[in-house]
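The structure appears below as structure tokens.
The values are calculated or read from the model by the stated rules, or taken from the named source; none is laboratory data. Keep in mind the model is a prediction, meaning the values are calculated, not measured. Note: ideal-geometry Cβ built from the backbone for every residue, glycine included; neighbour counts use all protein chains shown.
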2 protein chains.
Amino acid sequence: MTKARTSLALFGGEPTLGPGHDLKSSWSERGLEQALCEYTGARYAKCVSSGTAALISGLFAAGCGPGDEVITVAFTWTATVGAILRVNAVPIFADIDPRTFTMDVKDCRRKITPQTKAILPVDFYGHPAPIPELMALAEEHDLLVIEDACQASAAEIDGVKVGNIAHFTAFSWSGKPIYSASGGGAYLTNDRRLYERALLAGQHPTVIQGLATDPEVLKYASMGGTGDNMRAVGLDALQQLLDADVRTEARIRNCEYLTERLAEHPYLTPPYVRPGYKHVYHYYTCLWDAEAAGVSRDRFLRALNAEGVYAVAYVTDANYRFAPESNPIQAGGPIHLRTVFQERNLYGKGCPFLCPHVKNPPVYRQGDLPVSERIAEQEFSLAQWHLSPPCDEQDMQLILDAIHKVCDNLGALR
Amino acid sequence: MTKARTSLALFGGEPTLGPGHDLKSSWSERGLEQALCEYTGARYAKCVSSGTAALISGLFAAGCGPGDEVITVAFTWTATVGAILRVNAVPIFADIDPRTFTMDVKDCRRKITPQTKAILPVDFYGHPAPIPELMALAEEHDLLVIEDACQASAAEIDGVKVGNIAHFTAFSWSGKPIYSASGGGAYLTNDRRLYERALLAGQHPTVIQGLATDPEVLKYASMGGTGDNMRAVGLDALQQLLDADVRTEARIRNCEYLTERLAEHPYLTPPYVRPGYKHVYHYYTCLWDAEAAGVSRDRFLRALNAEGVYAVAYVTDANYRFAPESNPIQAGGPIHLRTVFQERNLYGKGCPFLCPHVKNPPVYRQGDLPVSERIAEQEFSLAQWHLSPPCDEQDMQLILDAIHKVCDNLGALR
């Protein structure tokens, strides 16, 4: 009888843990959320299932929907743009700055229309986008800036951490500077209204109810928002926050060691870092001058890989290297050239591109984004695992040795 | 130098683990997927981030999109219906059978229109929906049956495990009969085409590319589908598969012990189990006859909770019990009565309910689903943790004692 009585006493009456939602998980979430606020200085943080989920949450909170345009970049990972399609809005692509590989503010300005609702710049490869200029532009036009900082957690602009600069910022833990093997991510904002509305994108009713105070948000809590389940995972990312800056500084030192020694290279342009910007080097991305070298980028990369240095053409074929050459999948490249954008049909009936609410249906053409398209053909990246501690100057020297060895023998590759 | 050389030798050339996607996770996924196929007999299984993600994957695979109708039930958890909205299709509600609380086949037949694309029944509380009849109906009308078995992993119909009966089946691990504290879920199907197309709903490009063979699927791999990240979590659910049937049988014995002793109760109707159907009792759900008892269900439940038996009115207010009474959030109840359905506007501009592609915009009214609405006022459920091992007959007797004590003292509650 003791066991039996215990089981009722333990779980009966007012249970600590309930069905449907696991409150234990919420306690961990709150720990990481509080740490993220302290680390970045942002007022609000919410853990979610991925960086993609964080972006979707921000776009939903900003009220982006059918017929609305969101200006972003095509020189990015798919999730940036997928999040816009996910809320049925239309991605409009601005070109990139050829040195930082992030959004070109002037081109963004040109792309603003009365249908524009938000700007979604990407801190690509770990270099922050020009968020202060974009915030000024957004203020001028009454827009919101949702920053995709998935590759740039730990980055800074003028001494301020990303997460505390844009209206809304998305972080990711999957393979990123602040890491969890389980994936996961978070959104950060200083805007209470965005914080609460973003809960509706995919949080459990109990989470919305526990965190929101606005009756206009709470009245939707019983539906749990847009039907997604963005339950937080990867809460062990908290461990990495404890020494995020130490590991980041070590990686930056390694990358600067490479850059100093590649500055005068005849075929290879090392990464540029804009003054005042802290580049956290999720990747170390160079440009390859195939014409000057007389050897294609792909041939150069294969030779570099053979020397034990792992490098990829991220936008073109990263994550595709396992494809057998006989498998005719569509190549990558800037997002506007991929199948979904050429066909303009994701959910059927042209949705969301050709939705009747879209005033000017977008057309995505080769040549639209000359810088993005050119850089996609020249860029290659060293993987983060070559760059982060325990790798040090000796490892960097081995990478340089491999690059020099390949470049000294280009004749054999021609 | 040794460390440095090791780091290049370890990661250089052809790496085992790549950036962006964690292949280690894929190995675990494949283990659970193979176990799910062996356990259910289904040909294909894919682990995803949640049961919701599995449902969305199935609806996307079935081609459900703007203007399409999906027939489901309103007597369910929000995720069932949220998944339909998520692909921009329109939920059409069929009423439920008053004994099994699952889809009424006759009412489903009445709701079929030329716009119907799929039927989404729910194995609610752990009792399988009438899938064989729905499959026959679907065949008649060239529809697909996507089964929400999130509360019924381990259930069976005529000796066949769910997951191996409908065209496509969604499982969930979050608090469910097969459990992981991290959440997660899976989809199962015998249809190779559905299996492959479902990958496009939210899998990483490398996953799509590694698993799909259809060029019509592969050509979208570079975009990673609809922009969601449905990366699998909760892979420790595999541990529970090893003894899923043993634990399920123990829970069934406990529930049958209760049912035998509640069969003649004057105010309370214990769960019904349809012959040939294995009810796995995610909840043990009874009906309360408030009129005969002269005491409202809510008052009865509060008294039962005070006796240490945790019971909730799941559809009406499960997951809302933490709400202070002063917090005026919208009550639950059958899904068609909740705010999103009354306002018919989720993504803005009436999407997806009033989308110009919708032929007959749905209207959701009180009274539309008399059985669902009536049962929602009568039902209450004992939580799974009272029912599963290590709880045994002694615990069941304590629950019965508590019920009898409350019922013997109803006068004090009137």
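Would you call B:ILE146 under 23 Å from B:ARG344 (Cα atoms) and part of a strand (DSSP E or B)? Answer is no for this residue. Do we have any residue at all in region A:73-84 that's within 14 Å of another protein chain (Cβ to nearest Cβ), closer than 17 Å to A:ARG197 by Cα and not in a loop (DSSP other than H, G, I, E, B)? Within region A:73-84 (the criterion being within 14 Å of another protein chain (Cβ to nearest Cβ), closer than 17 Å to A:ARG197 by Cα and not in a loop (DSSP other than H, G, I, E, B)), the answer is yes, since at least one residue qualifies. Would you please name the residue that is surrounded by the most Cβ atoms within 10 Å (Cβ to Cβ), looking only at residues in region B:91-130 that are among the β-branched types (Val, Ile, Thr) and more than 24 Å from B:LEU287 (Cα to Cα)? Only one residue tops the list, namely B:ILE119.
In this structure, does A:PRO275 turn out to be modelled with pLDDT of 95 or more, within 30 Å of A:GLY58 (Cα to Cα) and of a type outside the set (Val, Ile, Thr)? Reasoning before the result, please.
Numbers: modelled with pLDDT of 95 or more: yes; within 30 Å of A:GLY58 (Cα to Cα): yes; of a type outside the set (Val, Ile, Thr): yes.
Yes; evaluated as a whole, the condition is true for this residue.
If you check A:LEU218, A:LEU258, A:LEU242, A:LEU211 for being more than 26 Å from A:THR80 (Cα to Cα) and at pLDDT 95 or above, only one passes: A:LEU258. B:PHE353 satisfies every condition listed in (1) aromatic (Phe, Trp, Tyr); (2) in a helix (DSSP H, G or I); (3) modelled with pLDDT of 95 or more except (2).
Name the residue that is nearest to the other protein chains (Cβ to nearest Cβ), counting only residues in region A:85-112 that are of a type in the set (D, E, K, R) and in contact (Cβ under 8 Å) with a residue 60 or more places away in the chain.
Of the residues in region A:85-112, the ones of a type in the set (D, E, K, R) are A:86, A:95, A:97, A:99, A:104, A:106-107, A:109-111.
Applying the additional criterion that residues be in contact (Cβ under 8 Å) with a residue 60 or more places away in the chain yields A:95, A:97, A:99, A:104.
Values: A:ASP95: 20, A:ASP97: 23, A:ARG99: 23, A:ASP104: 23 Å.
Filtering first and then ranking leaves A:ASP95.
Beta carbons closer than 6 Å, at least 6 apart along the sequence or on distinct chains, pair a first residue in region B:169-195 that is within 20 Å of B:GLU156 (Cα to Cα) and at pLDDT 90 or above with a second that is of a type in the set (D, E, K, R) and surrounded by 22 or more Cβ atoms within 10 Å (Cβ to Cβ) for B:THR169/B:GLU147; B:ALA170/B:ASP148; B:TYR187/B:LYS46. Looking only at residues in region A:228-245 that are touching a residue at least 24 places away in the same chain (Cβ under 8 Å) and either assigned to a helix (DSSP H, G or I) or among the small types (Gly, Ala, Ser) (or both), which one is nearest to A:GLU29 (Cα to Cα)? Restricting to residues being touching a residue at least 24 places away in the same chain (Cβ under 8 Å) and either assigned to a helix (DSSP H, G or I) or among the small types (Gly, Ala, Ser) (or both), the top hit is A:ALA232. Among the criteria (1) hydroxyl-bearing (Ser, Thr, Tyr); (2) within 13 Å of chain B (Cβ to nearest Cβ); (3) within 21 Å of the chain's Cα centre (by Cα), the one A:TYR187 does not fulfil is (2).
Residues are listed down the side, and each one gets a yes or a no for (1) surrounded by fewer than 17 Cβ atoms within 10 Å (Cβ to Cβ); (2) more than 10 Å from chain A (Cβ to nearest Cβ); (3) of a type in the set (A, V, I, L, M):
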{"residue": "B:LEU354", "(1), (2), (3)": "yes, yes, yes"}
{"residue": "B:GLN366", "(1), (2), (3)": "yes, yes, no"}
{"residue": "B:ARG374", "(1), (2), (3)": "yes, yes, no"}
{"residue": "B:PHE380", "(1), (2), (3)": "no, yes, no"}
{"residue": "B:HIS386", "(1), (2), (3)": "no, no, no"}
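Listed here are the residues, each with its yes/no results for (1) in contact with a Gly (Cβ under 8 Å, 6 or more places away or on another chain); (2) at pLDDT below 50; (3) of a type in the set (S, T, N, Q); (4) not assigned by TED's automatic domain parsing to the domain that holds B:LEU200.
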residue	(1), (2), (3), (4)
B:LYS3	no, yes, no, yes
B:GLY13	yes, yes, no, yes
B:PRO19	yes, yes, no, yes
B:GLU29	no, no, no, no
B:LEU36	yes, no, no, no
B:ALA42	yes, no, no, no
B:CYS47	yes, no, no, no
B:SER50	yes, no, yes, no
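Of all the listed residues (A:VAL217, A:VAL207), the sole one being in contact (Cβ under 8 Å) with a residue 40 or more places away in the chain and in the same structural domain as A:TYR39 (by TED's automatic domain parsing) is A:VAL207.
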